[in-house]
Structures are given as C-alpha cells and as structure tokens.
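> One structure coming up, written as structure tokens, with questions to follow.
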Amino acid sequence: MSSMLSFIIRRLLILPLLLIAVTILIFSMLSMLTPYERVSLYVKDIPKRQGAMEGLIKKYGLDDPVPVQYWRWMAGTKNPDTGEIEGGVLRGNLGWSKTGKGTVWEVIGRRLPATAELALWTAIPMIGIGIYLGVVSAVNHNKLLDQILRVFSIVGWSIPVFVFGLIVLLFFYAKLGWFPPGRLSDWASQVVQSSQFIRYTNMNSIDALLNGRLDIFRDAVRHLVLPVITLAYLDWAYLLRVTRSSMLDTLNQDYMTTARAKGLSENKVIRRHALPNALIPVVTVGALMLIGLLNGVVITETIFNIPGMGSFLAESAISLDVISVLGITMFNCLILLVGNLIVDILYGVIDPRIRLR
Amino acid sequence: MTEILSVQGLETQFRTREGIVHAVNGVSFNLDEGETLGIVGESGCGKSVSVMSMLRLIPSPPGQVVAGKALYQGKDLLKMTDDEIRHVRGAQISMVFQDPMTFFNPVLTIGKQVSEPLEIHNGMNKKMAYERAAKVLEMVGIPKAKERLEDYPHQFSGGMRQRVMIAMALITNPQLLIADEPTTALDVTIQAQIVELVQRLREELGMAIIWITHDLGIIAGLAKRVAVMYGGCIVEEAEVKELYANPMHPYTRGLLGSLPRMDESDHRRLVSIDGMPPILMEKPKSCPFLSRCTYAVDHCKTENPALKSLSPNHKVACWVDPNTGREF
Ligand SMILES: Nc1ncnc2c1ncn2[C@@H]1O[C@H](COP(=O)(O)OP(=O)(O)O)[C@@H](O)[C@H]1O
Ligand code: SF4
Ligand SMILES: [Mg+2]
C-alpha cells in the first residue's frame, strides 16, 4: 500500500506543474491580441478617446514583454491609487464576467449546480446501461442480440447531438407537451427561491428530496428527462462499444480457459474473472465522460435552455466576453486535471499491475 | 490397476473462414489410476485440442467435438450436463497450462486464484481455503507462502508462477492432472526443478498424469507410456523404453533421429524433420505424414493407416515396417 501512497503523491506533485502549463497556454493565446484589443477587454468602461486607451496601456503595462505581463497576470497588480493588490490568477481571481454580471467565480458558482445535476443524472443511466449492454453484446458475440446492439450503438454514435436533441424536444415538448425545457416550472421556481426551501446543493432534484418536496422533485425530473436522454444517448453508445471490445478482448485471454478448467460456472467466469479485467479501460472512459459532462455541454444546455456551464460558455463566446471564456477554460482545465488525477488513482486501485510498478 | 480414463475415437473440428480444420482425427488412448502418459508431437499436431476436447474447453464456435467418447471413471465427459462436467473440472481432473503468465488472471491475488477451486468444489469458506492454499503453496516450494497470498501473479518469477499453477491444480486432490507443455516456457534448470516437483507430488498424492510436451528428454524421466501424435492422430504408442529402443513409425524415427545423441545432452528436444506438419482442411484420406515420409509406398496414398498393435505394449499407425521397408 505504501507504493500506492507514493503513486498518489507523485501525481499530486505533477498537478501544479500541469496547471501552470495550462496558464501559460491560455496566456499565450491572450497575448496574441494587440494591447488595444486587450485594453478594451480588461477595462470595465471603455474610454471613448484614443489617448485614454494609450494611457491605460501604459498604466497596466500592456506593451511590456510577455513574461512580465504573464507574471503580473498570475500574481496580480498593485493598484497605484489604493495600494491594494488586484486580480492575479494565483490568488484565485479570474476576473469580471460581463455575461454573468459578477466575478467569473460567482457566475461559475451559480451555473455549476445545474450542470452538475445534469451530469449526475446522465452518468447513472449512461454508465449502467452502456456497461451492461456492452457486456451482453460481448458475451453474445456475433449472435442476433449482439448485432442489434451494434446497429443501435452505431446509429447512436452517428446522429449529431443537436439533431437528436431537437427531435426529442420537438416531439416530447412541442407535440406531446410531456417534458418542458428549462430547469423548473414557474410555480416550482418560486418555491425553490422562497425561504422555507433550504438550498443544500443547488441541484433542484436533490434539494427537493432533502426538503421532502416530492412535487418539486417530480417537476425537476420532468425537466431533466429530455437533456438526460439526449446526453446519455450519445454516450451510452460509446461506452457500449468500449465495454464490448474490452470484454471481447478479455474473453479471448488464456486465463478465461484457466477459470473454466477450474470448474467455475460461466456466470462466475464472467463476473469474477472477465469483468474485473474488462472494466479497467471502461472505468477510465466512463470517468472522463463524467468529467466532460461536468465541464458543461454547450449544445445540449443551449437546446434545452439550461443555465449551466455549457450555456455560460456559449453566451460568453457569442458576446465576445473573453474574460469569461478564459475563466471558464481555466476552471474546466482544473476540473479536467483533478478529474484525471482521480481517474489515475482509481486506475491504480483497480489494476494491481499499475499500482505496484 | 483400474482404468481411470478411456478416450475413444475423439474427433474435433474448427469451422474457420478458410474451411473446416480437422484438428483431431480419431484419437484413442487409455490411462490407469496413478499412471503417467506422455503425449509428444510437433506444435500444431493436435495435442492441446485433444485434451481440451475431453474437458469440453474448446471454444465453440469455432470448435466442435464431432465424434468419440471420453470415459472418465466409466462416465462419458462429452455427454455430461454442464453442471456435471463442472464438478469434474478442477475437482477430479485439473489442468496446468503452458504459459504461467497469461494463464493467470492478472488482477486477482494468488490467494484468491489458488483457493478458488476449494471454494467452488468443497464449499470451503475464505479463511479455511486460504489456509489450505498457503499449505499447498508451501508444498510446491513457494517460500513464505502465507505472506504471498495477497501478491499478484506478476510479482512471481516464471518458475515460481508455474509452481503456483501446479498448487492451484492440485489443491483439490484431483485423480488426474493434465499438464499441457508446463515447462515449455521455462528455462532448462527451472524445467528440471518443475519435473522433479511433479515427480515428488505424484509419489505423495498418487494422481494420474497426462503430460504433453515436445521435450522427449523430460518424457523419458516422467512417463511410463508415450503416445506420439501427428496430424491429429496418435501414430505410435508404446512404453517409453520400447519406444526409444525400437521406434516403429517413420515420424517417431525422425523425431528421435533429429535429437542430439544421448551422451551429449540430457535435453533432447524435437528439432526438425524436413517439411511442415499439415493443417488438415479435410479428413486425411492418405497418411498425413506422406509428404515428409521417406518410407512411403503406394498404399500410403490411398488409405490412412489405423493404429494397430504390434505387441501388447506397442501400437503403430503405418503401412510399412521400417525395419524391412516392406508393408506389414
Ligand atoms: N481456435 C481455433 N481455431 C481454428 N483452428 C484451431 C483453433 N485451435 C486450434 N486449432 C487448430 O488445431 C490444430 C491443433 O492445435 P493444437 O492442439 O493447439 O496443437 P498442439 O499440438 O501444438 O497443442 C492446429 O492445426 C490449429 O490450427
Ligand atoms: S503410412 Fe506410409 S507415409 Fe505414412 S508413415 Fe507409414 S510409410 Fe510413411
Ligand atoms: Mg498446445
């Protein structure tokens, strides 16, 4: 187990380095803009006159060498008037979001729960169904069931998400009126925002359960059905394919013969000997999918009008709010890196060959 | 001695894209309790498929046992229900495989894998099964066996892994151990140690053994009888000494002739006879060895010779008496 510990420590030491690499990458993209362009981005109220802009460029050193600017961006700058240090990515300051009308962190705090809720509800059926059907498909290799599932997964894989999303929205909302877009109905929104309703997580469905409000839970779920189906439909198909091929590979391994030669039933051969091996790559893929969902799904959130991270990114990009886009990118990188760290640790836990290297 | 296994006319085919591969074409042999039978032959001649067919471990599709019987203590393994044969596998007939790395599950501990047969066949709980596993591992010569139960296969050396596999096979005290080229993947000194170990265990436990190999040197020290396979058939079967002193099939002669001389090395392997073993896309109508045989006569082209007894302990499948060069 001590080697497991050193494995985790090694990965933790790498994490800050990766984050710094990300900041360098993002900053170099930013420095492709001219000082004039950046003045107009960084300053809340753009001065009308050219001279004032030049003054600001001088004041904030926007024509200094890029490394100097990078350091200032990371560490923050001293306000010459008040003497306080302002900004600074290292100090956790990602700037002001025009789109969200708050600091980038505040807006992320507001937007993340909707995305997290969507990710949570999508991940459960997606991972469950994807893995289960992948195993079924592999165990019935080349039989009718396998063929049917493969066709389904190819269809799922090849329909673009905006097409699928719009079709389900048109059919289940516009035509049948079953599942509306948005997060909650108006009456439910009012309850949720009232003082009797305690916001534990800001995920409506979870909070509704915790507050014992089944009616609101039902309303939240009704709003979640279509985006969840849309997202899960994309990813279960992929997960099915990954699981299937990993399982097929495992079923061809020599140790399957050993397991059968021991007198294990076919069921136990699969459960005890095949699955722990076959699921190793699937865990990685599934976890990375979950991270992807947490980073926000631009198209799905936009189609279903969900105020999450994905639609925040889309809105910022459309209004050329570069500060927000950069902030979201930094945040998503953080999630991605931490998520990858967790996946790596998980990988070490489930695969003894890696853990003990 | 009572007979423990009687294989009769076993035939196994594989349906492949290129056609039907006739891997085993009527293999018959018997085995007494506590007896050791060697099966030798070049790679691809059907040794593994023969024994795997007996235990119904051939992947199907593409494989299929199309004819024959495999009577284990009088009951046909090929006609048993899935449940019945499961109670034979690993409990009464155990297998040891060639590559001790790939035949172990890489993500399960040795303790779990070695004790598993006890758990499924003897209904033992984990604690007891692990205790017994530690004992058996000690018996096969794993140092500090108890401490190594939580280790994984890749933490053992090749030779140690093969010892572990032998322990896993013998933990249920089977009547019959089938070892499919158990030393092929190991280097020479380790091979000798494994053979010694199996000899010792055989004395202690008294199980019958089928030992598949292409190392004739190993067979001579282990087995009482040897069956030589070629093209999915047993082409000669005799007591070890008789086979060495008086090989009757041209293929066996080739094998022995291509060995280094006895006094040069104890390790006599099958080297090469000119030509390649056949992949049989149809049931052989002529002798499968025909294309490589220097003794062939016309009869060999029209009919595949059956295994026939020359004396009570010597059988051969050949039209020609190689000592005279004429048909029997
Ligand atoms: N899964 C399979 N599919 C097709 N052919 C096979 C398969 N397994 C074995 N065979 C064929 O059966 C023949 C005998 O193989 P095998 O018994 O493994 O030989 P060996 O004597 O080396 O153990 C070979 O010619 C091989 O081509
Ligand atoms: S039957 Fe004919 S071809 Fe076959 S081994 Fe004997 S002599 Fe050679
Ligand atoms: Mg083989």
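The values are calculated or read from the model by the stated rules, or taken from the named source; none is laboratory data. For clarity, every value in this text was computed on a predicted model and none was experimentally measured. Glycine gets a Cβ as well: all are built from the backbone with ideal geometry, and neighbour counts include every protein chain shown. What goes into the accessible areas is simple: the full protein's heavy atoms, side chains included, and nothing from ligands, DNA or RNA. Shrake-Rupley method; radii C 1.70, N 1.55, O 1.52, S 1.80 Å.
> Keeping all protein chains in place and using 1.4 angstrom, which order do B:HIS314, B:HIS87, B:HIS299 fall into by accessible surface area, from largest down? Kindly include the intermediate steps, with their values, before the conclusion.
Working: B:HIS314 5, B:HIS87 110, B:HIS299 50 Å².
The most accessible residue leads, giving B:HIS87, B:HIS299, B:HIS314.
> Same structure again: Pairing the Cα long axis of helix A:2-30 with the longest principal axis of chain A, what angle in degrees results, from 0 to 90 and rounded to the nearest 10?
40
> Could I ask something else about it? How big is the dipole moment of the protein assembly as shown about its Cα centre under a simple scheme where the beta carbon of each Lys and Arg is +1, that of each Asp and Glu is -1, and everything else is neutral? Debye, nearest 20, please.
1380
> Taking 30 Å² as the minimum loss, tell me which residues in region A:313-357 lose that much accessible area going from the chain by itself to the full protein complex (1.4 Å probe).
Buried by the other chains: A:PRO352, A:ARG353, A:LEU356.
> Same structure again: With equal scatterers on the alpha carbons only and no solvent term, can you work out the Debye log10 of I(q)/I(0) for chain A at 0.14 1/Å?
-1.23
> Tilt of helix B:126-139 relative to the longest C-alpha principal axis of chain B, in degrees (0 to 90, nearest 10)?
In chain B, helix B:126-139 runs at an angle near 60 degrees to the longest axis.
> What's the whole-number percent of alpha carbon pairs in region B:101-173 lying beyond 18 angstrom?
Details: 692 of 2628 pairs.
Roughly 26 percent, rounded to a whole number.
> Also, quick follow-up: Pairs of alpha-carbon atoms within less than 8 angstrom and 6+ residues apart define the contacts here; what relative contact order does chain A have, in percent?
24
> Chain pair B, A: how much accessible area is buried, both chains summed, with a 1.4 Å probe, in Å² to 100?
Working: alone 15220 and 19530 Å², together 32670 Å².
It comes to approximately 2100 Å² buried between B and A.
> Next question. Note the angle between two axes, namely the Cα long axis of helix B:158-170 and the longest principal axis of the Cα atoms of chain B, as a number of degrees from 0 to 90, rounded to the nearest 10.
90
> Need one value: the accessible area of A:LEU290 in square angstrom, 1.4 angstrom probe, rounded to the nearest 10.
Looks like 60 Å² after rounding.
> Rounded to a whole number, what % of the accessible area of region A:102-355 do carbon and sulfur atoms account for, probe 1.4 Å?
In region A:102-355, the share of accessible area belonging to carbon and sulfur is 68 percent.
> If one computes the Cα centroid of region A:230-266 and of region A:324-349, what distance in Å separates the two points?
The two parts, judged by their Cα centres, are 28 Å apart.
> Ok, one more. Using a 1.4 Å probe over the heavy atoms of the protein chains, calculate the carbon and sulfur portion of the accessible area of region A:2-97 as a whole percent. Spell out each step's value before the answer.
Values: 4200 of 6360 Å².
With neighbouring chains kept in place, the figure for region A:2-97 is 66 percent.
> Oh, and also: For B:GLU84, what is the net charge nearby, where nearby means another residue's Cβ is under 13 Å from its Cβ and Lys, Arg count +1, Asp, Glu -1?
Its environment carries a net charge of +2.
> Determine how large the accessible area of B:PHE328 is when every protein chain is in place; take a 1.4 Å probe and give Å² rounded to the nearest 10.
110
> Okay, moving on. Hey, if you put +1 on the Cβ of every Lys and Arg and -1 on every Asp and Glu Cβ in chain B, which of B:PRO153, B:GLY254, B:ASN304 ends up farthest toward the positive end of that dipole?
B:PRO153
> Please name which of A:MET74, B:VAL198, A:LEU145 has its Cα lying farthest along the dipole of the protein assembly as shown towards the positive end, using unit charges on Cβ (Lys, Arg +1; Asp, Glu -1) and the Cα centre as origin.
Final value for the positive-end residue is A:MET74.
> Could I ask something else about it? Once you list every other residue whose beta carbon is under 15 Å from the beta carbon of B:LEU197, what net charge do they have if Lys and Arg are +1 and Asp and Glu are -1?
Result for the local shell: 0.
> May I ask you to rank A:ILE342, A:ILE216 by accessible area, largest first, using a 1.4 Å probe over the protein chains only? List each step's numbers first, then the result.
Numbers: A:ILE342 100, A:ILE216 0 Å².
Greatest to least solvent exposure: A:ILE342, A:ILE216.
> Take every residue in peptide B:144-154, count the Cβ atoms of other chains within 10 Å of its Cβ, and give the average of those counts.
Averaged over the peptide's residues, the number is 1.
> Follow-up question, since we're still on this one. In what sequence, largest accessible area first, do A:LEU336, B:LEU71 appear using a 1.4 Å probe?
A:LEU336, B:LEU71
> Around B:GLU3, with a cut-off of 12 angstrom between Cβ atoms, what is the net charge of the other residues, counting Lys and Arg +1 and Asp and Glu -1?
That works out to -3.
> With every protein chain left in place, what is the accessible area of A:TYR173 in Å² (1.4 Å probe, nearest 10)?
Approximately 100 Å² for this residue.
> Further question on the same structure: Do you know the relative contact order of region B:101-173, to the nearest whole percent, from alpha carbon pairs under 8 angstrom that are 6+ apart?
Values: 88 pairs, mean separation 32.5, N = 73.
Once divided by the residue count of region B:101-173, the mean separation gives 45 percent.
> A follow-up question, please. Just to confirm my numbers, what's the Cα centroid distance between region A:51-126 and region A:141-206 in Å?
Between the Cα centres of region A:51-126 and region A:141-206 lies a distance of 33 Å.
> What is chain B's relative contact order, in percent, from Cα pairs under 8 angstrom and six or more apart in sequence? Before the final figure, lay out the partial values.
Values: 640 pairs, mean separation 66.9, N = 328.
Taking the mean separation of contacting Cα pairs over the length of chain B, I get 20 percent.
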